[in-house]
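Trainee: Dropping a structure here in structure tokens format, bear with me for questions.
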Amino acid sequence: MPTPPRTEPALPSLAALGDDLSITTPMQRRLALLRPFLGLLAYSLAAYAGWWWLTPILVFLIFVAVVTVTHDVVHGTLGLTRRQTDWTLFLMGAVLLESGHAYQLTHTQHHRVFPGKDDPEGDPARMGLWRAVLHGPLFLPRLWWWAFQKSRQDAKQRRWLLAEAAWAVSILVLGVSLWTWTPAVLIYALLAIVGSWSYSLLTVHLPHHDYGETPLTQTHTLRGAIIPALFLELTYHLEHHLYPQVPSHNLPKLSRRLHPYFQQAGVKPRKVF
């Protein structure tokens, strides 16, 4: 006789796991919002000192800080008002010459429909490794265009999208015009643009490849002492997809509380350093 399909145990409610998991303290909020600008300050000091070897490392850390806080802002876990959310999305996107409002639309859609269709953010999960790598330079422009098309009836949203695109272009122009005085602006802009080409691989393909149809098989989770901390806990991707209302700083705690459930369901976290 054929073996009946394995059923997943019922997912515990967030209330059952602990209401404290959804809390962001004022200090945690300030730290999350401040990190990217501390990174910019460190980059400026390194460029002034001529320590160019250090600048790619600092830009990487800025990427992690921006992605983490923008992710939390999109999911409304930092306790910001609507106006604060709009300006934070603009400012965080501006740090990396990206569109925070495009990400807001595409990431919300990703959580709504993945692994279904009309999910441009999730497309690299359906690609092979090298195709996902080659898709990198097209990834953010495609997300911006999808968001712009979806905002036909929302003039305010389109204004934000256009302002964010104009900011990115203006920084590139500024960097070229300042080159003879300082190369720091253009080098930063180029590092940010080239760095964004990794999103397709690192934030979509690797977490989601070989996905299944059930909530527990649509993405993976990484456990370790160093890598999760380096990426500000965003490696707990399965936990995030199951409970998107939990801010990133509480994902390790959520993961520990979910451990018995994962064991019962046969989920095997991937071990990293």
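Trainee: Using the charge dipole of the chain (Lys, Arg: +1 at Cβ; Asp, Glu: -1 at Cβ; taken about the Cα centre), state which of Val113, Gln264, Val173 has its Cα farthest towards the positive end.
Mentor: Of Val113, Gln264, Val173, it is Gln264.
Trainee: Given that compact globular proteins tend to follow 2.2 N^0.38 Å, what is the ratio of the alpha-carbon Rg of region 110-150 to that value?
Mentor: Values: Rg = 10.4 Å, N = 41, 2.2 N^0.38 = 9.0 Å.
So region 110-150 has a normalised radius of gyration of 1.16.
Trainee: Could you please state, rounded to a whole Å, how far the C-alpha centre of region 185-219 is from the C-alpha centre of region 42-93?
Mentor: If we compute the Cα centre of each part, the gap is 16 Å.
Trainee: Return the calculated 222 nm mean residue ellipticity for the chain, to the nearest 500 deg cm²/dmol, obtained by summing -39500 (n - 2.57) across DSSP H runs with n ≥ 4 and dividing by the residue count.
Mentor: When only DSSP H runs of four or more count, the value is -18500 deg cm²/dmol.
Trainee: What does the charge dipole of the chain about its Cα centre add up to, to the nearest 20 debye, if the Cβ of each Lys and Arg holds +1 and the Cβ of each Asp and Glu holds -1? Don't jump to the answer; show the numbers that get you there.
Mentor: Working: 23 positive and 16 negative charges, 22 e Å.
Dipole magnitude for the chain comes out near 100 debye.
Trainee: Can you tell me, using C-alpha contacts under 8 Å and at least 6 residues apart, the relative contact order of the chain as a whole percent? Let's see the in-between values first.
Mentor: Numbers: 317 pairs, mean separation 57.6, N = 273.
For the chain, the relative contact order is 21 percent.
Trainee: Mean Kyte-Doolittle of at least 1.6 and a Cα length of 15 Å or more along the axis: which whole DSSP H helices of the chain meet both? Can you show the working numbers first?
Mentor: Values: long enough: 26-49 (34 Å, 0.68); 55-74 (28 Å, 2.15); 82-95 (20 Å, -0.03); 100-113 (20 Å, -1.26); 136-150 (22 Å, 0.04); 155-177 (32 Å, 0.77); 184-196 (18 Å, 2.44); 251-265 (19 Å, -0.83).
Long hydrophobic helices here: 55-74, 184-196.
Trainee: 5 Å is the cut-off here: which amide hydrogens, built 1.01 Å from N in the peptide plane, fall below it relative to Arg223, excluding neighbours closer than 5 in sequence?
Mentor: Those lying under 5 Å, H to H, from Arg223 are Arg270, Lys271, Val272.
Trainee: Report the Stokes-Einstein translational diffusion coefficient (µm² s⁻¹, integer) for the chain, Rh taken as the Kirkwood radius over Cα pairs, at 37 °C with viscosity 0.692 mPa s.
Mentor: Values: Rh = 19.9 Å.
Translational diffusion coefficient: 165 µm²/s.
Trainee: Quick one: what are the phi-derived ³J(HN,Hα) couplings along region 200-210, Karplus 6.51/-1.76/1.60 with θ = phi - 60°, whole Hz, x for glycine and proline?
Mentor: 3, 7, 6, 9, 10, 4, 5, x, 10, 4, 6
Trainee: Moving on to the next point. Let me know the Rg and Dmax you get for region 96-200 when you use only its Cα atoms, in Å.
Mentor: 15.4, 50
Trainee: Taking neighbour counts of Cβ atoms within 10 Å as a proxy for exposure, in what order, fewest first, do Leu202, Leu31 appear? Let's see the in-between values first.
Mentor: Numbers: Leu202 17, Leu31 14.
So the ranking, lowest neighbour count to highest, is Leu31, Leu202.
Trainee: Report, ordered by chain and residue number, the lysines lying within cross-link reach of Lys268, taken as a straight Cα distance under 18 Å and ignoring same-chain residues fewer than 8 apart.
Mentor: Lys253
Trainee: What order, most packed first, do the peptides 123-131, 147-155, 86-94 have when packing is the mean number of other Cβ atoms within 10 Å of each residue?
Mentor: Working: 123-131: 16.1, 147-155: 13.4, 86-94: 19.4.
Packing proxy ranking, top to bottom: 86-94, 123-131, 147-155.
Each value in this text was obtained by applying a stated rule to the coordinates, not by laboratory testing. All of these numbers come straight from a predicted model, not from anything done at the bench. Heads up, the Cβs are rebuilt from the backbone with ideal geometry, glycines too, and the neighbour counts pull from every protein chain shown.
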